1. Using a 10 Å cut-off around each Cβ, can you sort Leu108, Leu61 from fewest to most neighbouring Cβ atoms?
2. Relative contact order (percent) for the range 150-269, with alpha-carbon contacts under 8 angstrom and 6 or more residues of separation?
3. Order the peptides 222-235, 200-213 from the highest to the lowest mean number of other Cβ atoms within 10 Å of their residues.
4. P(r) for the chain, please, calculated from all Cα pair distances in 5 Å bins and given in %.
5. Using helices alone, I'd like the mean residue ellipticity at 222 nm for the chain: each DSSP H run of four-plus residues gives -39500 (n - 2.57), total over residue count, nearest 500.
6. Counting only complete DSSP H runs, which helices of the chain cover 20 Å or more along their long axis at the Cα atoms and score a mean Kyte-Doolittle of 0.5 or above?
7. With only Lys, Arg, Asp and Glu charged, each at its Cβ (+1 for the first two, -1 for the last two), find how big the charge dipole of the range 3-143 is about the Cα centre; round to the nearest 20 debye.
8. State whether the range 150-269 is rounded, prolate or oblate according to the following rule on the C-alpha gyration tensor (a ≥ b ≥ c being the square roots of its eigenvalues): a/c under 1.5 gives rounded; otherwise a/b larger than b/c gives prolate, and the remaining case gives oblate.
Amino acid sequence: MLHSELLAQIPLFDTLSHEDTEALAKRLTERRVKAGDKVFDKGDKGSSMYIVLSGAAQIFLPGKEDGDDRVILKDVRTGEYFGELSLFDDKPRSASVAASTDTVLLELTREEFAEHLGRSKTAAMAILAEMAERLRETNALLSQRAARDVVKEIEDNLTWGQRLADRVAELNGSWAFILFLLGLTVVWVILNSVVHIQFDDYPYQFFNLALAILVALQGPLIVMSQNRQTLKDRAQAETDFRVNLKNEVGIEGLQRELGAFRAETLKRLDVLERYGRHDRIRQEMPSKK
């Protein structure tokens with residue numbers, strides 16, 4: 001696959017023109033990494049992003065000590081990328097990356113990226129538009145009410161067939177259903193063998209047929225209910241993520257405000273202390289005279 005084609009698949013660059021993609025692809029540098037070697041460590045100063053041309057790499061959080069197990073975050077393979085935020089800032093890397101196999105990476109440095117944006121206004125505007133779109137999506141996500149009863153919303157929109165499937169699944173997992181089947185079997189046997197009504201003689205073929213039809217219908221209904229429960233769990237997990245994200249952003253905002261309040265308080269205390277010192281000096285000067 002051509003380098004320009006790999007760039008065009010990355011969301012950050014997919015709005016660039018073909019000419020900009022080709023020009024930016026010429027600025028990519030191949031970097032070969034042997035299996036097990038690290039691309040960079042957590043805490044290293046970031047200055048470039050990488051695209052996997054061939055092979056595979058693993059993004060992980062290292063243990064606090066050398067003997068601790070690493071926490072694997074993601075496996076990146078051909079066509080995938082990592083470290084793109086380093087094109088915009090020089091903050092330390094938030095995770096470590098090591099090659100899983102012999103890997104060829106395409107490296108784009110911040111200097112090369114900035115130089116190309118300086119020469120191409122269309123590329124700069126396209127990148128700014130993409131970043132603005134991401135910021136707008138983030139603002140929309142944070143402005144929404146995060147806490148929602150998604151399970152109730154799903155249940156309120158169920159069709160009668162879906163409600164029937166949930167009811168069947170709930171009934172099948174209860175003692176009431178078990179006792180009903182046992183009671184029906186006993187009554188059926190008594191009517192045909194003791195009372196001799198004999199509408200279904202032994203070996204009770206009609207009864208076996210009814211049970212077989214019941215089992216055949218139960219299976220799909222239970223699977224339908226289980227799939228819907230999986231959907232509810234996924235929606236609940238997504239809501240929990242939104243709540244946690246919004247709480248985290250709120251806590252960070254409170255920390256910034258507390259930091260500013262603390263700095264302002266210390267500044268005012270310092271001013272008051274200086275005023276108090278000056279007042280003591282004024283009061284002491286007449287007494288000395």
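1. Leu61, Leu108
2. Across the range 150-269, relative contact order equals 37 percent.
3. Going from most to least packed, we get 222-235, 200-213.
4. Each 5 Å bin holds this share of Cα pairs: 1, 4, 7, 8, 8, 8, 8, 8, 7, 7, 6, 5, 5, 5, 4, 3, 2, 1, 1, 1, 0, 0, 0, 0, 0, 0.
5. Value at 222 nm, helices only, nearest 500: -20000 deg cm²/dmol.
6. 175-189
7. The dipole of the range 3-143 has a size of about 140 debye.
8. It is prolate, given that a/c is not under 1.5 and a/b is the larger ratio.
Each reported figure results from applying straightforward, stated rules to the coordinates on display, with no laboratory input. Note that the structure is predicted; figures quoted are calculated from it, not measured. Note that we place each Cβ from the backbone using ideal geometry, even for glycine, and neighbour counts take in every protein chain shown.
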